[in-house]
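Just below is one structure, and these are the notes that go with it.
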Amino acid sequence: MTDQSLAMLLVLATTLFAVGLFGVLVRRGVLLQLIALEVLLAGPALAFIAAGARRGDAQGQAMFVILLVFAAAEVAIGLALYLRLRRCADVSDSDSVSQLRS
Amino acid sequence: MSAMVAIVAGGLAVVAALLAVTSSDAVRSLFALLAALLTLAAAFFALGADFAGALQILIYAGAVAAVFVFVVMTITNSDALRAAEHSRLRRVWPVPAAVAILIVLMVLPALRGAKSSAAVGAAIPVRAVGALLFGPWAVVVELASFLLLAAMLGARHLGRRAPSPPPNEPLQGRDGPS
């Protein structure tokens, strides 16, 4: 892989991150925000893999495995919170819980 | 050549991600997310990261997406809700879009700075990844397992059903004559 293709891949990874960030900011349904968070986390994953492949280093893939664990934990907690929120208060909108205080 | 395949697959992933983020239907959004994850797996395979590609398909597109499907099954999908989501999307998109475009513009100079050098890098065997994860990175793996345990307990705690309240005759009985 040349430097140029690595730069292309890194730009693609940044675009994925930006698209995910756009989704998190623009959506208000909690479920759709979680889907956008998955897209957001896919960007760094692509960056790690591309950099690891460029340098022939296993650390890129190892970091991807760690990132996978983060994403799994985030999805588990996020979806549990979403279901709990819907069962307790019947809202699926993150704006309607912005007044939460302890 | 394989880098070219990876770039094309990454571009397809970006398109699918855009669809996932902008569609107002949860099911459609989920399918677009699945497409993005699978095309990313193709990019990983093309980059020589076989293990990462397999994990991407098995865990991301398999397990995580299945969990999303279970949750999507519980929501009611009415036309009114979809229309509300659509109108809200049309109202608020400019500022987040500006933020996203700004982020992409910040890294675009990297394209110009890259010198086209000789191709380097090779496919990384799974053995090397395992040796790294369970050798020098053992503490990281332990921390990740703590995180997974905490997430599992947290999800279990948040997802439990509250005990149903007893029927309300004790409240009336306690009132007494007044």
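Considering only residues that are buried (at least 16 other Cβ atoms within 10 Å of the Cβ), over 23 Å from B:S24 (Cα atoms) and not small (G, A, S), which ones fall in region B:41-78?
Within region B:41-78, B:F44, B:F45, B:L47, B:D50, B:F51, B:L55, B:Q56, B:I57, B:I59 meet the criteria.
Six or more apart or on different chains, Cβ under 7 Å: which pairs go from a residue in region A:59-73 that's aliphatic (A, V, I, L, M) to one that's not in a helix (DSSP H, G or I)? Could you list them?
Partner pairs satisfying both residue conditions: A:A62/B:W137.
Confirm whether B:V67 is at the interface with chain A (Cβ under 10 Å from one of its Cβ atoms) and within 15 Å of the chain's Cα centre (by Cα).
The answer is yes for B:V67.
I'm trying to understand the selection: among the residues of region A:21-35, which are within 7 Å of chain B (Cβ to nearest Cβ), out of contact with any Pro (no Cβ under 7 Å at 6 or more places or on another chain) and either surrounded by 24 or more Cβ atoms within 10 Å (Cβ to Cβ) or within 15 Å of B:E85 (Cα to Cα) (or both)?
A:G23, A:R28, A:G29, A:L31, A:L32, A:I35
Just one of A:M8, A:M1 is facing chain B (nearest Cβ under 7 Å) and outside any helix (DSSP H, G or I); which is it?
It is A:M1.
Criterion first (crowded, with 20+ Cβ neighbours inside 10 Å, at the interface with chain A (Cβ under 7 Å from one of its Cβ atoms) and either among the basic types (K, R) or touching a residue at least 60 places away in the same chain (Cβ under 8 Å) (or both)) does B:G10 satisfy it?
no
Among the residues of region A:76-89, are any free of Cβ contacts under 8 Å to residues at least 24 places away in the same chain and under 30 Å from B:A3 (Cβ atoms)?
No, region A:76-89 has no match at all.
Tell me which residues, restricted to region B:39-59, are at pLDDT below 90 and more than 7 Å from chain A (Cβ to nearest Cβ).
Answer for region B:39-59, where residues must be at pLDDT below 90 and more than 7 Å from chain A (Cβ to nearest Cβ): just B:D50.
If I filter region B:20-38 down to residues being over 12 Å from A:V39 (Cβ atoms) and touching a residue at least 40 places away in the same chain (Cβ under 8 Å), which single residue comes out as nearest to the other protein chains (Cβ to nearest Cβ)?
B:A26
Being of a type in the set (V, I, T) and surrounded by fewer than 19 Cβ atoms within 10 Å (Cβ to Cβ) is the filter here; which residues of region A:40-67 pass it?
Residue satisfying the conditions is A:I66 alone.
Looking only at region A:36-57, which residues are at the interface with another protein chain (Cβ under 7 Å from one of its Cβ atoms) and either among the β-branched types (V, I, T) or more than 18 Å from B:F45 (Cβ to Cβ) (or both)?
Matches in region A:36-57: A:A36, A:E38, A:V39, A:I49, A:R55.
The values are calculated or read from the model by the stated rules, or taken from the named source; none is laboratory data. Owing to the predicted nature of the structure, the values given are computational and were not obtained by experimental measurement. Quick reminder, even Gly has a Cβ in these numbers, built from the backbone with ideal geometry, and neighbours come from all protein chains shown.
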